[in-house]
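Reviewing the structure listed below.
Taken together, the values in this text are just the output of simple stated rules run on the coordinates, not laboratory data. Predicted model, so just to flag it, every value in this text is computed and none were measured. As a convention, Cβ positions derive from the backbone with ideal geometry for all residues, glycine included, and neighbour counts pool all protein chains shown.
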Amino acid sequence: MATLFVCGDVMTGRGIDQVLPHPSDPRLYEPYVRSAREYVALAEAENGPVPRPVGFDYVWGDALEILDRERPDARIANLETAVTTSDEPWPGKGIHYRMHPDNVPCLAAARLDCCVLANNHVMDWGRSGLEQTLETLEHAGLRTAGAGRDADAAAGPAAIPLPGGSRALVYAFGAADSGVPAEWAAAERRSGVDFLGELSRAAIEGLAGRVALERRPGDIVVASLHWGGNWGYAVPRAHRDFAHGLIDVAGVDLVHGHSSHHPMGIELHAGRPILYGCGDFLNDYEGISGYQEYQPDLCAMYFVALAPESGRLERLEVVPMRIRRLRVERAPAAQARWLAATIERESARLGTRARARGDGRLVIAGKEAEVRTC
């Protein structure tokens with residue numbers, strides 16, 4: 001059995017970058033906020049002082065202890081931040097996230113095995129910003145998926161070694177419906193992301209061909225998708241059909257969805273889990289009002305145990321967390337129960353049985369979870 005840790009969007013730019021040891025120029029090009037330091041001030045006004053500078057491990061907070069205890073075989077996160085000193089924001093884009101390259105040890109502090117880059121912020125600072133992001137992550141020994149110096153590099157998987165000689169192959173895509181500009185698509189002689197313009201049968205078959213060429217016996221295949229809007233629990237029919245096709249046709253074992261600012265429902269299809277939206281895992285949104293019905297300070301850690309010989313789910317556990325003072329900490333009991341109950345409810349709507357434990361963890365056992373076809 002191989003256990004993968006996955007989470008949603010990890011945003012280490014703006015306010016978070018400002019409290020790390022090597023902050024970028026705080027100047028922003030947003031309509032209302034002109035300095036990244038204002039996001040630190042908002043967080044402090046909401047939840048109390050943030051020390052400066054913090055250590056590189058600060059932002060991960062209680063998650064590090066949980067990771068050490070669970071000991072997953074692979075750690076995968078969607079890095080929704082350019083790692084660059086570029087001062088050329090992508091024109092016409094209202095929000096630009098960046099972290100100074102000298103702060104990259106904060107990613108290494110969580111011992112990430114793969115940073116997914118196919119999202120709507122990795123090229124906020126242009127193609128030169130993407131190039132520096134790729135160079136910095138490579139130099140730090142961090143694998144990437146979903147973006148590259150040309151189309152082949154963007155389309156290729158990150159291969160993470162697993163016990164017993166097998167691998168987790170991570171393919172990543174940035175979908176148009178999450179706000180990824182079509183101009184960001186990688187081409188034969190142009191850097192960019194593996195852009196998904198349509199959730200089409202052709203895209204599924206294209207991935208199936210790539211997987212067939214790369215996969216070895218025992219390998220686990222992960223499709224990591226930045227797709228959909230930021231708010232709401234409803235899963236579009238097109239997303240469900242595409243996810244099912246990734247499993248049925250392309251042989252994907254885990255669909256890792258992100259872009260939503262809150263965790264969404266989980267579906268089990270043909271014994272494989274589909275995480276439609278893992279929610280934000282780290283951001284600097286504290287003190288920003290709106291969407292309180294989703295409790296946007298809550299986030300989640302996902303531990304997915306799969307059988308390498310079959311790829312089928314053995315067990316999935318969701319650990320409720322929250323973001324406070326620009327770091328991840330354990331969610332208080334009441335909030336943990338609320339998040340577990342919410343995911344349980346939304347998973348039931350997708351035909352999957354999840355069970356909330358008394359400690360707030362949510363458990364999906366592979367043999368028990370698939371209850372009906374919706």
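List of remarks:
- Note on the chain: helix-only mean residue ellipticity at 222 nm, from DSSP H runs of 4+ residues weighted -39500 (n - 2.57) and normalised by residue number, equals -7500 deg cm²/dmol.
- Annotation for the stretch 131-200: GluC sites (Glu not before Pro) lying in DSSP loop with at most 10 further Cβ atoms inside 10 Å of their Cβ are E188.
- Here the dipole of the chain is about 780 debye; that uses its Cα centre as origin and unit charges on the Cβ of Lys and Arg (positive) and Asp and Glu (negative).
- Relative contact order %, the stretch 87-202, counting alpha carbon pairs below 8 Å whose residues are six or more apart: 25
- Computed from phi, the 3J(HN,Hα) profile of the stretch 64-72 under the Karplus parametrisation 6.51, -1.76, 1.60 (θ = phi - 60°) reads 5, 4, 5, 4, 4, 6, 6, 6, x Hz, with x in place of Gly and Pro.
- The H on the amide N of L28, modeled in the peptide plane, is under 5 Å from the matching H of S35, A36, each at least 5 residues off or on a different chain.
- For the chain, the residue among S289, P26, A336 whose Cα projects farthest onto the positive side of the dipole built from Cβ charges is A336.
- Using the Karplus relation 6.51 cos²θ - 1.76 cosθ + 1.60 with θ = phi - 60°, the per-residue 3J(HN,Hα) values for the stretch 25-32 come to 3, x, 4, 10, 10, 8, x, 10 Hz, with x marking Gly and Pro.
- Residue of A238, A43, A176 that the Gaussian network model of the chain assigns the largest fluctuation, springs spanning Cα pairs under 10 Å: A238
- Each residue of the stretch 110-117 was assigned a 3J(HN,Hα) from its phi angle through the Karplus curve 6.51 cos²θ - 1.76 cosθ + 1.60 (θ = phi - 60°); the sequence is 8, 6, 5, 8, 8, 9, 6, 10 Hz, with glycine and proline shown as x.
- Amide H within-cut-off set for N78, under 5 Å, with H built and near neighbours excluded: C7, V10, V116
- Over the stretch 162-231: Kirkwood hydrodynamic radius from C-alpha pairwise inverse distances, Å: 13.6
- Short-range pairs are left out: with C-alpha atoms under 8 Å and at least six residues apart, the relative contact order of the stretch 2-369 is 17 percent.
- Note on the chain: Rg/Rh from C-alpha atoms, Kirkwood Rh, equals 0.94.
- Centre separation in Å (Cα based) which lies between the stretch 78-92 and the stretch 140-180: 19
- Cα convex hull, the stretch 280-357: 110 Å³ per residue, rounded to a whole number.
- Cα-based Rg of the stretch 93-154 normalised by 2.2 N^0.38 Å, two decimals: 1.07
- Dipole-positive endmost among A41, I160, L306 within the chain (Cβ charges, Cα centre): L306
- DSSP beta bridges in the stretch 2-369 [antiparallel fraction, %, rounded to 5]: 55
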